[in-house]
Amino acid sequence: MYVQEPRIISIISDIQDLKSPNFIQKRVLYIDFLHNAGVVHRDLKTTNILLDEDGHAVIIDFGLAKWLHRTERTNTFCGTPQYMGKKMLYNNIKL
């Protein structure tokens, strides 16, 4: 599939758009679908979500994704540091 539309972050003009229930609900459903299929994205951020011509989100960049069974966990520290919570980031820095 080829998506011509821009990344979602480049077209959102107001932070309130990000907080709308409809926007959030659709993204949660996409992530829930992936998790139920056993896929953990591990680098989900606004720059990895595109919109198609109908306004539907297309999640891209599965380079760090991992297949897991329901009972499995992953301990690999990966992702984009700028999008991580401080606690997660600082707990994983090796000094």
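The values are calculated or read from the model by the stated rules, or taken from the named source; none is laboratory data. Keep in mind that this is a model prediction, so the values were computed, not measured. Please note: Cβ atoms are built from the backbone with ideal geometry, for glycine as well, and neighbour counts cover all protein chains shown.
Within the range 47-73, the set of residues being aromatic (Phe, Trp, Tyr) and either part of a loop (DSSP other than H, G, I, E, B) or touching a residue at least 40 places away in the same chain (Cβ under 8 Å) (or both) comprises Phe62 only. Any residue that is among the aliphatic types (A, V, I, L, M) and loosely packed, with under 10 Cβ neighbours inside 10 Å - is there at least one of those in the range 64-84? For the range 64-84, residues among the aliphatic types (A, V, I, L, M) and loosely packed, with under 10 Cβ neighbours inside 10 Å: absent. I'd like the full set of residues that are over 21 Å from Asn22 (Cα atoms) and either acidic (Asp, Glu) or at pLDDT below 90 (or both), limited to the range 43-68. Across the range 43-68, the qualifying residues are Asp43, Asp61. Contact annotation: residue pairs with Cβ atoms under 9 Å, 6 or more positions apart or on different chains, pairing a residue in the range 24-46 that is within 24 Å of Asn75 (Cβ to Cβ) with a partner that is modelled with pLDDT under 90 and hydroxyl-bearing (Ser, Thr, Tyr), are Val40/Thr74; Arg42/Thr74; Arg42/Thr76; Asp43/Thr80; Asp43/Tyr83; Leu44/Tyr83; Lys45/Thr80; Lys45/Tyr83. Taking Leu34, is it modelled with pLDDT of 85 or more, part of a helix (DSSP H, G or I) and over 28 Å from Asn91 (Cα atoms)? Criteria not met by Leu34. Would you confirm, using the coordinates I've provided, whether Thr80 is among the β-branched types (Val, Ile, Thr) and modelled with pLDDT of 85 or more? Answer is yes for this residue. Test each condition in (1) in a helix (DSSP H, G or I); (2) exposed (fewer than 15 other Cβ atoms within 10 Å of the Cβ); (3) at pLDDT 70 or above for Arg27 and report the one that comes out false. Unmet condition: (2).
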